Amino acid sequence: MTAAVVAAIAAVAGGGEESAGGVLPELDVRQSAVAEDAGVTIAARRAHFSGTATLLELEARLEGTETAARLAIEPTGISWSGGPLPDGYGWWSAPAGSPGILRLTPPVLGQEASLEIRRITVFSAEASTPEVRNGTWKLALDLPADLPKRVRTEYLRGASVTDGGVTVTLEGAVRSTSETLVTVRITSAGPVSHVGEPTMVVDGKVLYGALAAAREEGTLLTYAFPPTPFGSRVEVRFGPFEAHGTAEPASGSVTIDLGAVLRRANVTAPLSPRETIPIPPTDVLRRDGRDLTPRWVGFSWGMTENSGSGGPTRTHYKYLVLAFEGILEDPVGPRAEWTAVTATGKPIPAGGWGTGYSKDATGTVCCPRTEITLTYDDFNDLLGPVTIIYRGAAAPVIRGDWRLKLEP
């Protein structure tokens, strides 16, 4: 068992009724260090120290400007007394004047904890490109007297479980005062991916994990759960999984009267990205080939930045988002093939696609969907029938029982 693997992985925020993986513990150690250079003042406010991470709240301010901006720090721009930073550590971003959390490795017992920042990037709404400021910001952290107790860890043991042709093997698990990290390897005859987040049961309580890292082409996964009592046994439940590249490719098309959908909802301009409009069956005018069942339509936007002889330029894009039932993918390429055309023959280029799931009242993963984005120029082009053409294959869902029992 490679327990060290999980000790060096970052946790990210997750979801669930109970505390989710990556939810911050109390930042209960006040900090006082402040450093100033290159027109930026960085202050350490609070921290939490554990055996798997140092969580440091930083606040950065810009001098001599009222411009709204966001500042960011990358792992390559810092040095930490705790040693080199593995993947997932050392990232920080926050609006100017607002706190943000920097995740570092645990401090070394018996040594001072010091952070040196050498580079910070400023993203301003008024600037066409980010501004990189180089300097030296040194922060000496205040360590609590009970640090040895705080950095306690406990490694957990387990085996593997197989169902439906998919095997989940424990590669390492460690608990600290701030989180419980679990790393598993997923093996099967063909490529698969985990759907949703796993759950952990301890003393009858269900905790939800968040994906912290995916390595080795998605076969080595690390999940972060809330802290669990030292000495306790836990059960981690995985699944379901998606099987990729197993279905035969097929083509299909569907014509949707988008104009009718939008008029019925009294929509005369693009909605905000979080709003969606249901597509009733009566507004599906025609289907050919593979069954494509639209569920809802929405809007979004995007931007790209390009370098040129006259300097960088930004290009803004307007997206139409359509959701279809089922997981649709291309078994021989990195993405499915989507095209769309209006009733007048004007093409609407595909801008990308993704997949998602919902949960029913019992918490069971259900209702798979595929979301595609189409790039449009004129909203008026959407006020009539639009035909979407697809080539790819469905990704079936593998359900089973993958429960790993872990103990110290």
Which of the numbered conditions does PRO227 fail, given that it passes all the others? Conditions: (1) modelled with pLDDT of 90 or more; (2) closer than 30 Å to ILE388 by Cβ. (2)
I'm told THR129 meets every condition in (1) outside the structural domain of PRO229 (by TED's automatic domain parsing); (2) in contact with a Ser or Thr (Cβ under 7 Å, 6 or more places away or on another chain) except one. Can you identify the failing condition by its number? (2)
Go over the candidates ARG157, ARG185 one by one and state the one that is within 26 Å of the chain's Cα centre (by Cα), closer than 24 Å to GLY400 by Cβ and surrounded by fewer than 21 Cβ atoms within 10 Å (Cβ to Cβ). ARG185
Looking only at segment 190-233, count every residue that is hydrophobic (A, V, I, L, M, F, W, C), under 16 Å from ASP401 (Cα atoms) and surrounded by 20 or more Cβ atoms within 10 Å (Cβ to Cβ) and tell me the total. 3
Quickly run through segment 52-79 and pick out the residues that are surrounded by fewer than 19 Cβ atoms within 10 Å (Cβ to Cβ) and assigned to a loop (DSSP other than H, G, I, E, B). GLU63, GLY64, THR65, GLU66, THR67, ALA68, GLU74
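Out of segment 23-32, which residues are out of contact with any Ser or Thr (no Cβ under 9 Å at 6 or more places or on another chain) and surrounded by 13 or more Cβ atoms within 10 Å (Cβ to Cβ)? Break it down into steps so the answer makes sense when it comes.
At the first step, the residues of segment 23-32 found to be out of contact with any Ser or Thr (no Cβ under 9 Å at 6 or more places or on another chain) are 23, 26-32.
Result: VAL23, LEU27, VAL29, GLN31.
Quick test for you: out of VAL168, VAL122, pick the one residue that is buried (at least 18 other Cβ atoms within 10 Å of the Cβ), touching a Leu at 6+ places or on another chain (Cβ under 8 Å) and over 20 Å from LEU220 (Cβ atoms). Talk me through it step by step, then tell me what you get.
Working: VAL168 fails: over 20 Å from LEU220 (Cβ atoms).
The conditions single out VAL122.
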If we ask which residues in segment 144-179 are touching a residue at least 60 places away in the same chain (Cβ under 8 Å) and under 22 Å from ALA212 (Cβ atoms), their number turns out to be 23
Yes or no: segment 264-274 includes at least one residue that is in a strand (DSSP E or B) and surrounded by 13 or more Cβ atoms within 10 Å (Cβ to Cβ). no
Filter segment 366-394 for residues that are modelled with pLDDT under 80 and surrounded by fewer than 17 Cβ atoms within 10 Å (Cβ to Cβ); the one that is nearest to VAL321 (Cα to Cα) is CYS367
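Please work out if GLY209 is at positive phi and out of contact with any helix residue (DSSP H, G or I) (no Cβ under 6 Å at 6 or more places or on another chain). Reasoning before the result, please.
Numbers: at positive phi: no; out of contact with any helix residue (DSSP H, G or I) (no Cβ under 6 Å at 6 or more places or on another chain): yes.
Answer is no for this residue.
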Looking at segment 130-168 only, could you name the residues that are in contact with an Asp or Glu (Cβ under 7 Å, 6 or more places away or on another chain) and outside any strand (DSSP E or B)? LEU156
Tell me, which residue of segment 80-94 that is over 20 Å from the mean Cα position of the chain (by Cα), buried (at least 16 other Cβ atoms within 10 Å of the Cβ) and not hydrophobic (A, V, I, L, M, F, W, C) is nearest to PHE225 (Cα to Cα)? GLY82
Scan segment 106-120 and tell me whether some residue there is farther than 24 Å from PHE49 by Cβ and of a type in the set (Gly, Ala, Ser). no
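With the condition kept exactly as written, say whether any residue in segment 332-349 is of a type in the set (Gly, Ala, Ser) and either modelled with pLDDT under 75 or over 19 Å from THR255 (Cα atoms) (or both).
First, the residues of segment 332-349 that are of a type in the set (Gly, Ala, Ser): 333, 336, 340, 343, 345.
Subsequent filtering for residues that are either modelled with pLDDT under 75 or over 19 Å from THR255 (Cα atoms) (or both) retains 333, 336.
Yes: one or more hits.
Of GLU235, GLU242, which residue is in a strand (DSSP E or B), touching a His at 6+ places or on another chain (Cβ under 9 Å) and of a type in the set (Asp, Glu)? Show your work before the answer.
Numbers: GLU235 fails: touching a His at 6+ places or on another chain (Cβ under 9 Å).
Being in a strand (DSSP E or B), touching a His at 6+ places or on another chain (Cβ under 9 Å) and of a type in the set (Asp, Glu) holds for just one of GLU235, GLU242, which is GLU242.
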Residue that is surrounded by the fewest Cβ atoms within 10 Å (Cβ to Cβ), among those in segment 395-404 that are at pLDDT 85 or above and in a strand (DSSP E or B): ARG403
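The values are calculated or read from the model by the stated rules, or taken from the named source; none is laboratory data. Everything numeric in this text was worked out from a predicted model, so none of it was measured. Cβ: placed from backbone, ideal geometry, glycine included. Neighbour counts: every protein chain shown.
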